[in-house]
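Chemist: Would you mind keeping the following structure in view while I ask a few things?
The values are calculated or read from the model by the stated rules, or taken from the named source; none is laboratory data. It should be emphasised that the depicted structure is a prediction, and the values quoted were computed from it without experimental measurement. Because the Cβ atoms are built from the backbone with ideal geometry, glycine has one as well, and the counts that use them run over all protein chains shown.
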Amino acid sequence: MSRHLIKGNEAIVKAAVLAGCRGFYGYPITPASEITEAAAKYMPQVGGVFLQAESEVAAINMLYGASAAGVRVMTASSGPGISLMQEGISYMAGAELPCVVADITRAGPGLGNITSEQSDYHQVVKGGGHGNYRTLVLAPHSVQEMVDLTVLAFDLADRYRNPVVLMADGFIGQMMEPVEFPQAVTEPALPRWAVAGTEATRTNLISSIFLDNDKLEAHIRHLEAKYEMARRHETRAEELYTEDAEVVLVGYGIVARILKAVAAEARADGLRVGVLRPITLFPFPTADFVRIATRAKVFVVVEMSNGQMLEDVRLALNGTRPVEFLSRVGGNVPSHHEVLAFVQKQVQLSAQSEEVVHVG
Amino acid sequence: MSDDLEMQYEVARSRPEAFYERFDRKDELQHQTHYCPGCGHGIIHKMVAQAIDELGIQNRTILISPVGCSVFAYYYFDVGNVQAAHGRAPAVATAVKRSRSQSIVISYQGDGDLSAIGSAEILHAANRGENISVIFVNNAIYSMTGGQVAPTTLLGQRSTTTPEGRSAEREGYPLRVSELLGALEAPVYIERVGIGDNKQIAQAYRAVRKAIENQVRGLGFSLVEILSTCPTIWKMSPVESQRWVHDVMEKTFPLGLIRERTKDAQPHETPAPAPADLRKVLGIADQARIVPHQVAKSATNLQVRVAGFGGQGVLLLGEILAEAGLNAGLEVSWLPSYGPEMRSGTSNCHVRISSEPIDSPLVTRPDVLVAMNEPSLHKFYESVPPGGWVLYNRDAMPGECKRTDLNVLARPFTQIAKDLGDARTGNMIMLGALIECTGAVPWQSVDAALRQMIKSEKWLELDRRALARGRELMREPVEEAVHEG
C-alpha cells in the first residue's frame, strides 16, 4: 500500500470516510478549519452530508440527530468551540449516541491564541458537560495516528454507544507526514436502536430523560459499567526504553515526539531514561504506570498546560513515586534542550538523594 | 349521558393510528396523558397524529420532541421518536432529515424553547429551507418551569419573573417569530392559527396537515404557529383560557397566513449515491512511488528550516523537499509555522528527512537554514550548529553575522530567478542549491516530486530550470563568507 504525504487535519477526514463516516456538521475555528474544509470537499462526493452549522451548539446537536438516525457522524473544533459543544456531548452520552469529535487544541482561557496548548485536557478528558458521564479520548502523536485513531474512534463510539474525542494539538493537525490509509470498511449495518424513519425502527426512542430517580440511577450505573469495560479493554499506551528506565518521561501529542528525541539523546549519554505515552487519555493507562513504577525512580510529566494530565499521573502513581513537572503554556512548546536539561537535573537529584540514603 | 342524548348524538371518539393505544412509556396512569385539563397540547397532538394517519406516513415519521411540557410527546406517538435538548430541535431535525431523506421529520416546540434559547436554531433551519415541518405551540409563557416570562409573553402579562407584568422597557416587546421567519427567502409555508373554537380547530388542522404534506412533497420548510392555552399557569379555567387567547393573545399575535409559496416551490433534490471507488475520490489510490535508487548516504538525517516572507514559496519549498524524501524511500516530516506569524506575513517550516523513524518534527538545530529574507536570517542564524549550511537570499551576509564555523551561500536568488524568467522561482533555485549541498535526496526523486505537485507545464519547466540553476550555483567554488559593509 502506498504512502501519502498529507496534513494531519486532512488525514482525519479521509480516514473518517474510509471508516464509514457519512455525516460532518461543523463550525470553522483555527487550527481545526482544514478538517471542516476537507469534509466540505469529500462528504458530498461520497454520498455523505456536510453542513456548516450556525454555531458549535447547533453542530453538536446535528451530530445528535444524525447519530440518532444511525449514521456514523463527526465534527471538529478547538478549545472555545469544544466548550460550546459540551451541552450536546452530555446529551449524547446520556442518550447513548455514538459520535466522533476531533479537538485540535489551541491556547486559552478565553480567546487565548491559536497556537498549541494542551489545556483542553480537563474539559475533554474529565467531561466538560453536566452529569455522570465520560468521553473516550484518543491522543494521536503523528499523522499516521490521526488516521489509525480516527478509524478506531468510530469503532469505539459504536461499540460503547458514546462520544469519542480525538484530541490532537495544532502541531499534529498542521504537520505533514507520510501515511498509509486502511481499506474502507464495509458499510456499517444500521444500529438496531437507531430511529431511521422505517417500520423496523418505528418503536425506537432516543432520549436522555429519566423522570424516575431509580430509573436514572440504574441508567447512570449502566453508563458506569460501560466506562469500566472501556478501562479493562481499551486502554492504550506506548512505551520506549521503559524496561530499565530510572527516569520516565510522560507526555502525549507533540510533546511525546519531543520526549522520544530527548530520551534517545539521554540514552546516548548513558542515562536510563524512558518514555511512557498515554494514547488513551480516558481510559487512562493507570496499570502501565503502576507496573513501570516498580523499577522507575522518578516520573517527569511534560505538558503544554499548567498540569492537567499531571493530576491523572499522580492519581495513577498514588504517591509511590515522585512526579516532577515541566510546563510550557501560551502556545510555547518545550524545546528538546529545555527538556533534556530538566531530565539531567532530575537524574542528578535522584543520584544525590540515593547518596544520602546510603550515608544514612 | 342519558339515553335520550345518546340517541340524539353519535359519540365520535376516535384514536388515530399514530397514537399508542396505551402509554407504556409513562410510569403511571397509562390510560391518560400527563397534560393538564384544558391544555392545548392534547388537541394539537391529535391533529399531528391525524395528519400522519391521513398522509399514510406513520412508518416514515420521526418526531422531535423538545424541552417543556411536550418533552414527553414520545409517550403518545407511535412513530420514531428523538428527544432533543432545549431549543435544539431544529438542529436535530436538520440532521435527521438530511441523514434519512425518506423520513418525515416533525419538530415540535413550545415558545420558550423555540423563540428564546432556540432562536438561532429555528432561524437558520428556516433560512436553509430545511425540508422539515415545525409545529410551534405558543402559550406566551414558560409552563413546565413554573410560569416565567417568555419572549412571547404579552405586555403587562404577569409571570413569576415579571411579577409586576411585562414591560417593554425592561423585557422588550413580545417576539413575533413567525413574522420574523416570514421575512426569509426559503420557507415555503408559515401560518399562525388558534384552537379557540371548532372553526379555529378545523383551520388549525388544515394548516398542520399542509405543513406535513409539504414535506412529503419535498417542498421545504413549513411552520405552523398555534396559539395555545395553559390554564394551570395562567390560573384560569379551560374556558376562560380559550377566551383569553381569542380576546387578548390574538391582538398581539394575529391569526393568518404569513408566508405561502407552496405553489412555486420545487421539490428538494435527493443526494447522489456514493461512488464505488472511495480511494480514488479521496486521492489516495495506490500509486507506485518512484524510488530511483538507494540514497547515496547510508544513514540520512537531514534537518532543514526554511523561512521568509509569505508569498516567497517557503512552505512549497519544504513540501517538495519532503515529497522528494518520501519518493526516495525515506521518512519525512514537514511542519509549518502557523498562527500569528502566518498572518503577519512571515512564514517558516521545519523539514526532516531521515532513514530512521522521525522522533520530533520540530527542527531547533537545522543542518541547513534557508533564509529567504533578512529577518529570517537573524531569527534562526544562531540555531545552525557548526558545520551547517546557510543559504541566504542576498549577495552578501549582513555585517553582524560573523560566524566562521558555517558554510554560507549568499546569492540574490530572487534576482537570479527574475533573470531566469520568473522571480517567483527563487525558492526553487534555493532548493536546488540545498539538494546539491546535502545530497540527501537523489535528483530523480526531486523531479518526481515536482511532477506530482506542479500541475502546470509552464511552471514545471520554470521550476526545473530554477532547480538546475541552484545546483550550478552550489557547484561554483564556495567563497569565504563575504560580509556587507
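Chemist: Does segment A:127-139 contain at least one residue that is within 30 Å of B:Y75 (Cα to Cα), without any contact (Cβ under 8 Å) to a residue 24 or more places away in the chain and within 11 Å of chain B (Cβ to nearest Cβ)?
Modeler: Initial filter on segment A:127-139 (within 30 Å of B:Y75 (Cα to Cα)): A:129-135.
Applying the additional criterion that residues be without any contact (Cβ under 8 Å) to a residue 24 or more places away in the chain yields none.
Checked segment A:127-139: no residue is within 30 Å of B:Y75 (Cα to Cα), without any contact (Cβ under 8 Å) to a residue 24 or more places away in the chain and within 11 Å of chain B (Cβ to nearest Cβ).
Chemist: While we're looking at this one, here's another question. If I go through segment A:235-262 residue by residue, how many of them are in a loop (DSSP other than H, G, I, E, B), crowded, with 19+ Cβ neighbours inside 10 Å and in contact (Cβ under 8 Å) with a residue 60 or more places away in the chain?
Modeler: Matching residues across segment A:235-262 total 2.
Chemist: Here's another thing I want to ask about it. Do you know which residues across segment B:223-271 are of a type in the set (F, W, Y) and free of Cβ contacts under 8 Å to residues at least 24 places away in the same chain?
Modeler: If the condition is that a residue be of a type in the set (F, W, Y) and free of Cβ contacts under 8 Å to residues at least 24 places away in the same chain, then B:W244 is the only one that fits.
Chemist: Here is a follow-up. Taking the stated definitions as given, is A:G48 more than 23 Å from the chain's Cα centre (by Cα) and facing chain B (nearest Cβ under 10 Å)?
Modeler: yes
Chemist: Among the helices (runs of 4 or more DSSP H) lying completely within segment A:263-360, list those that include at least 1 residues that are within 14 Å of chain B (Cβ to nearest Cβ) and within 29 Å of A:T115 (Cβ to Cβ).
Modeler: Working: elements: A:286-293, A:309-317, A:336-359.
Once the helices (runs of 4 or more DSSP H) in segment A:263-360 are filtered for at least 1 residues that are within 14 Å of chain B (Cβ to nearest Cβ) and within 29 Å of A:T115 (Cβ to Cβ), what remains is A:336-359.
Chemist: For residues in segment B:281-306 being at pLDDT 70 or above and more than 10 Å from every other protein chain (Cβ to nearest Cβ), which is surrounded by the most Cβ atoms within 10 Å (Cβ to Cβ)?
Modeler: B:V306
Chemist: Among helices (runs of 4 or more DSSP H) lying entirely in segment B:1-116, which contain 1 or more residues that are away from chain A (no Cβ under 11 Å)? Steps first, please.
Modeler: Details: elements: B:3-8, B:40-55, B:89-99.
Hits in segment B:1-116: B:3-8, B:40-55.
Chemist: If we keep just the residues of segment A:12-67 that are of a type in the set (A, V, I, L, M) and outside any helix (DSSP H, G or I), which is farthest from B:D277 (Cα to Cα)?
Modeler: The initial filter retains those residues of segment A:12-67 that are of a type in the set (A, V, I, L, M), namely A:12-13, A:15-19, A:29, A:32, A:35, A:38-40, A:43, A:46, A:49, A:51, A:53, A:57-60, A:62-63, A:66.
If we keep only those that are outside any helix (DSSP H, G or I) as well, we get A:19, A:29, A:32, A:43, A:49, A:51, A:53.
On the way: A:A19: 14, A:I29: 31, A:A32: 27, A:M43: 14, A:V49: 18, A:L51: 23, A:A53: 29 Å.
Out of the qualifying residues, it is A:I29.
Chemist: Yes or no: A:R192 within 20 Å of the chain's Cα centre (by Cα), loosely packed, with under 12 Cβ neighbours inside 10 Å and among the charged types (D, E, K, R)?
Modeler: no
Chemist: Does B:A93 meet the test of being touching a residue at least 24 places away in the same chain (Cβ under 8 Å) and under 27 Å from the mean Cα position of the chain (by Cα)?
Modeler: Considered against the rule, which asks whether it is touching a residue at least 24 places away in the same chain (Cβ under 8 Å) and under 27 Å from the mean Cα position of the chain (by Cα), B:A93 comes out as yes.
Chemist: Let me ask you something else. Looking at A:L63, A:L84, which one is buried (at least 24 other Cβ atoms within 10 Å of the Cβ) and either out of contact with any strand residue (DSSP E or B) (no Cβ under 6 Å at 6 or more places or on another chain) or under 18 Å from A:R161 (Cα atoms) (or both)?
Modeler: Answer to the check: A:L63.
Chemist: Hey, among the residues in segment B:241-271 that are of a type in the set (D, E) and either touching a Phe, Trp or Tyr at 6+ places or on another chain (Cβ under 9 Å) or assigned to a helix (DSSP H, G or I) (or both), which one's modelled with the lowest pLDDT?
Modeler: B:D247
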